[in-house]
1. Against the conditions (1) more than 16 Å from A:His352 (Cα to Cα); (2) outside any loop (DSSP other than H, G, I, E, B), where does A:Ala171 fall short? Just the number, please.
2. Show the residue pairs meeting these rules: Cβ distance below 6 Å; 6+ apart or different chains; first residue within the stretch A:34-54 and part of a loop (DSSP other than H, G, I, E, B); second residue at pLDDT 95 or above and of a type in the set (Lys, Arg).
3. Tell me, yes or no, whether the stretch B:60-73 has at least one residue that is part of a loop (DSSP other than H, G, I, E, B), in contact (Cβ under 8 Å) with a residue 40 or more places away in the chain and closer than 27 Å to B:Arg288 by Cα.
4. I want to confirm something. Restricting to the stretch A:192-245 and keeping residues that are of a type in the set (D, E, K, R) and part of a loop (DSSP other than H, G, I, E, B), which single residue is nearest to A:Gly318 (Cα to Cα)?
5. Name every residue in the stretch A:295-353 that is in a loop (DSSP other than H, G, I, E, B), within 11 Å of another protein chain (Cβ to nearest Cβ), under 25 Å from A:Thr243 (Cβ atoms) and under 20 Å from the mean Cα position of the chain (by Cα), in order of residue number.
6. Being closer than 25 Å to B:Leu254 by Cα, of a type in the set (Ser, Thr, Tyr) and open to solvent by 30 Å² or more (accessible area, probe 1.4 Å): is that true of B:Thr299 here?
7. Might you let me know whether the stretch A:136-150 holds any residue that is over 30 Å from A:Gly318 (Cβ atoms), open to solvent by less than 20 Å² (accessible area, probe 1.4 Å) and part of a strand (DSSP E or B)?
8. Select from the stretch B:265-277 the residues that are open to solvent by 10 Å² or more (accessible area, probe 1.4 Å) and under 20 Å from the mean Cα position of the chain (by Cα) and list them in ascending order.
Amino acid sequence: MIAWRKGIGAVAVVATTSMACTGVTRERTEEEAAIGSTSAPGIAIRVADGLAALRDGTLDRIHLRAGAPAIDVHVELANAPETFHFEIDNVLPDARCTAIAGDGTSLFVKAEARGRSLDKTCDVSIPRELGPAVTLDLHVASDDDGSAEPFTFGLLADVQEAVGEVDAIYARMGEEADLRFVLFSGDLTRGGSREELLEFERHEKRLDVPLYATLGNHELGSDRVHFHDLYGRGNYSFVYRSTRFTLLDSASATIDPAIYDRLDAWLGAGRHGVHVVAMHVPPFDPSGFRNGAFASRSEAAKLLERLAEGRVDLTLYGHVHSYYAFANAGIPAYISGGGGAIPERLDGIGRHYMKFHVDPIRGVRDATVVRVD
Amino acid sequence: MNRRWVVATVLAVVSVVRPAAADPDPRRDRGFPRPVAAAIAVVPGAVVHGLGRYATGDTRTGHRLLLAEGLGVSAFALGGAGLLGTGASRHTVAPFAALVGLGLGTFFATYLADVAATSLPEGTLGRAQRTLPLLEVHAGVRVLHDPTASYGVLAVQGFDLRSGRFRVSPEASVALDDAHGRYDVGAAWRFLGPTEGRRRSQDGTFLDAELDVLHVRAISDRTVSTSGVLSLHGRYDLARVGRSLAGTFAEGALGWGLQRVGYAAPAAEPDAIDVFDMRVAFGVYHGRRRAPFGETKVTYDHRRDTLVGGMKVPGRAAGILGSVGLTSRVYVTPRLGVAAEVAVGSAWMGGLSILWRPEAAP
C-alpha cells in the first residue's frame with residue numbers, strides 16, 4: 001500500500017525532473033577549457049587565453065578564427081619547415097602579424113589578405129640556423145590596440161532562422177564609418193548545428209569588421225556544441241584600447257560555477273578601467289512576468305553583485321527579441337535581440353543593432369539604437 | 001460559429017465541475033480487472049485521459065476527465081499560440097503564460113487522478129480534513145544541493161495560526177553552514193473551504209486570497225531580497241468530478257507581486273522585478289478523520305525567487321520552467337506528524353519536518 005503511493009509520486013517527480021540537471025553547463029565548460037590548444041606528433045599549438053578557435057592544421061599550416069582584436073599564438077615544432085603558414089580569419093582589417101622565435105629572434109612575416117581584409121595569411125619564415133626544433137610566437141594586433149583613443153563598437157544578437165535576411169543588417173553596419181568590431185551576444189542559429197553555424201559565417205563574411213560572439217540557448221539544440229569548434233570559447237575576456245570586454249556563456253540561464261573564479265580575475269583586471277560585460281540570457285528580465293532570464297533569481301542577484309563590485313560599466317544581453325534600456329544593480333544595461341528571430345510584438349521596434357561609443361578614459365559615452373526595418 | 005463554440009465550451013466546463021451526485025456506486029468496479037484497468041490508465045490513458053475510469057465501468061467520470069483534458073489542452077494551445085504570436089510580448093505574456101500553466105496543470109491532474117483512482121488499492125485514498133486546527137507547528141531541516149550556493153543545510157521552523165477564515169503562516173529557514181536566512185510571512189483569507197472552528201466544510205475544496213512576503217538575506221552573496229506577492233489559491237476535490245475519484249484533488253494558484261533586490265557594492269542600486277506566481281498541483285488524501293491522516297501532492301511552481309529557483313533544462317528551453325516538488329504531510333497521532341518534501345529547480349532540495357498541533361481535529 002505504502003509502496004504504491006510512493007511509486008506514483010516518485011514516477012511523477014522523477015519523470016519530470018529527469019530533464020532538470022543542475023549541472024547542465026559542466027560538460028561544455030570542461031570542453032571549452034581545451035579550446036585554443038592542440039598537439040600532435042611534431043607540433044603543439046596554444047593560443048593565449050583561448051582567444052581563437054583552431055579550425056584545422058598540418059605540420060606547416062594552421063587555420064584559426066580569432067576571437068579577439070589581438071591574439072597570441074605559441075607554436076612548438078619538432079621539425080620546423082621553411083615557412084609556417086598562419087591562416088587567421090576575423091582579424092581587424094589593419095591588423096599586423098609579428099613573430100619571434102623562442103630565442104628572441106625576430107622572424108620575417110609576409111602577410112596578405114585572403115579574399116576580404118579580415119581574413120589574413122601570415123607566412124612566417126623560419127631560418128634553418130634555428131635548428132629543427134623551433135618555438136615561435138605570433139602576435140596579431142592592430143597598431144591602435146594598446147592606445148586609449150575613443151572608439152565605437154556594435155552589438156547584435158538573435159539572428160536564428162532569419163540568417164537569410166541578415167545581410168540587410170550587415171549592409172547597414174557597413175555604412176558606419178567608425179565601427180571597429182561587433183559583439184554578438186548569442187543565438188547565431190536556430191539549432192546550433194555545424195551547417196547552420198557555417199551558413200551564419202558565410203553571411204558574416206559580408207561584414208567588413210570582425211565579429212566576436214558568445215553562444216545563446218539556441219546553440220545548444222544540437223548533438224554537441226558546434227559553436228566551440230567553429231567560434232571558440234563562450235567565456236572569455238580581452239582588452240582593446242584599454243577597454244576590457246568580457247563575454248560569458250549564460251546560454252543555459254546560468255553561469256557555470258567554475259567560471260566564477262575566472263570572472264573574478266577578469267573583474268579584478270578591469271576594475272580600474274572601462275569594462276563591458278556581455279552574455280546571452282540576462283540575469284533579470286525587465287519583464288518579470290516573462291522572466292526570459294536566469295533560472296534562479298538568487299544566482300542572478302549574486303552575479304550582479306559581483307559585476308557591481310567589480311565596477312563594470314556596461315552590461316549587454318540578447319535572448320529577448322526586442323530592445324530594452326534599463327539598469328541592473330545600477331549598471332547600465334541593454335537587451336538588443338534585433339537580429340531577425342521571431343520578434344516581440346507590440347514593442348515598436350523591428351530588426352536593429354546598437355552601437356556604443358567608448359572613451360577608455362571617461363567611460364561609455366553614447367549608446368545608439370540603429371533601426372534596420 | 002463562434003457562439004456554438006462558446007456554448008459547447010460552457011457545457012463542457014459545467015459537465016466537468018458539476019458535483020457527481022448521481023454517479024453509480026464507485027465501490028463496485030465493473031469492466032476490466034483492476035490491474036488491467038490500471039495499465040490502461042497509465043499507458044493509453046496518458047493520451048486519452050479517463051480510460052482507466054472507462055475500463056472500470058465508470059464511464060460518466062471517464063467522460064468528464066476526457067472533457068477536462070480537452071479543456072486543458074485547449075488552454076495550453078491557446079496560451080502557447082498567444083505566446084508565439086506575440087513573441088512573448090511584455091504586454092500580454094502574463095495571461096498567455098497563465099493559460100499555458102493552468103492548461104498543463106489540468107492536463108496532468110486529469111491523468112494523475114485517473115491513475116491514482118485506478119492503481120491504488122481500494123481504501124488507500126482518504127478524505128480531506130473538513131475543519132482545521134487553531135495552530136499547527138512545524139520544525140525540521142532542509143538539505144540543498146545548489147552548485148552556485150555557499151550553503152547546503154537549513155534549519156526550518158514555522159507555524160500556521162488560524163482564526164475562522166483567517167490564517168497567518170510565518171516561517172524561518174536559516175542556513176547552518178553559512179550566513180543565509182529566509183524569512184517568510186504569509187497571510188490568507190479563506191472564502192470557502194475548511195476553516196478553524198466547529199463548522200465542517202463539505203470537503204477539502206477551498207479558495208484563498210494569499211499575501212506572501214519573503215525576505216532573504218544572502219550575506220555571503222552580499223545581497224538582500226524582499227518579495228511581496230498577492231495570489232488567489234484554490235483546491236478542487238475531484239470527488240466532485242466523479243465519486244470514484246474521491247481522495248484526489250487538484251490545485252492552482254495565480255498571483256502577482258514585486259521583488260526588490262539590494263546589493264552591498266558601493267554605488268549599486270536596488271532592482272525591482274515583477275513576480276509572477278503560478279502554481280499547479282495534484283494530490284491525494286491519506287486516512288480519514290482519525291490518525292493517521294494527511295496528504296501528498298506534487299506541485300509545479302513557476303516562481304524563480306524560491307529556494308530552488310527554476311529548472312536548468314539542457315538545450316534550447318533554458319530558463320523557461322519553474323520547479324517541481326513533492327510534499328507529503330502525515331499525522332501519525334492526532335497531534336504529532338511528519339512532513340517530507342523534495343523539490344528540483346536550479347537546485348535539489350530535500351526536507352524533513354516534525355508536525356505538531358496542540359489539539360486534535362474537532
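1. (1)
2. A:Ile35/A:Arg233
3. Residues of the stretch B:60-73 that are part of a loop (DSSP other than H, G, I, E, B), as a first pass: none.
Among the residues of the stretch B:60-73, not one is part of a loop (DSSP other than H, G, I, E, B), in contact (Cβ under 8 Å) with a residue 40 or more places away in the chain and closer than 27 Å to B:Arg288 by Cα, which makes the answer no.
4. Here is the first cut: in the stretch A:192-245, the ones of a type in the set (D, E, K, R) are A:194-196, A:199, A:201-202, A:204-206, A:208, A:219, A:223-224, A:229, A:233, A:241, A:244.
Cutting the leftovers down to part of a loop (DSSP other than H, G, I, E, B) gives us A:205-206, A:208, A:223-224, A:233, A:241.
Values: A:Lys205: 22, A:Arg206: 22, A:Asp208: 22, A:Asp223: 23, A:Arg224: 22, A:Arg233: 17, A:Arg241: 25 Å.
Among those that are of a type in the set (D, E, K, R) and part of a loop (DSSP other than H, G, I, E, B), it is A:Arg233.
5. A:Val312, A:His319, A:Gly337
6. On the way: closer than 25 Å to B:Leu254 by Cα: yes; of a type in the set (Ser, Thr, Tyr): yes; open to solvent by 30 Å² or more (accessible area, probe 1.4 Å): yes.
The answer is yes for B:Thr299.
7. First, pick out the residues of the stretch A:136-150 that are over 30 Å from A:Gly318 (Cβ atoms): A:136-139, A:143.
The next check asks that each one be open to solvent by less than 20 Å² (accessible area, probe 1.4 Å); those that pass are A:136, A:138.
Checking which are part of a strand (DSSP E or B) leaves us with A:136, A:138.
Yes; the residues of the stretch A:136-150 include at least one that is over 30 Å from A:Gly318 (Cβ atoms), open to solvent by less than 20 Å² (accessible area, probe 1.4 Å) and part of a strand (DSSP E or B).
8. B:Phe276
The values are calculated or read from the model by the stated rules, or taken from the named source; none is laboratory data. For clarity, every value in this text was computed on a predicted model and none was experimentally measured. Every residue, glycine as well, gets a Cβ built from its backbone with ideal geometry; the counts of neighbours run over all protein chains shown. Side chains are part of the model used for accessible areas, which takes the heavy atoms of the whole protein and leaves out ligands, DNA and RNA. Shrake-Rupley method; radii C 1.70, N 1.55, O 1.52, S 1.80 Å.
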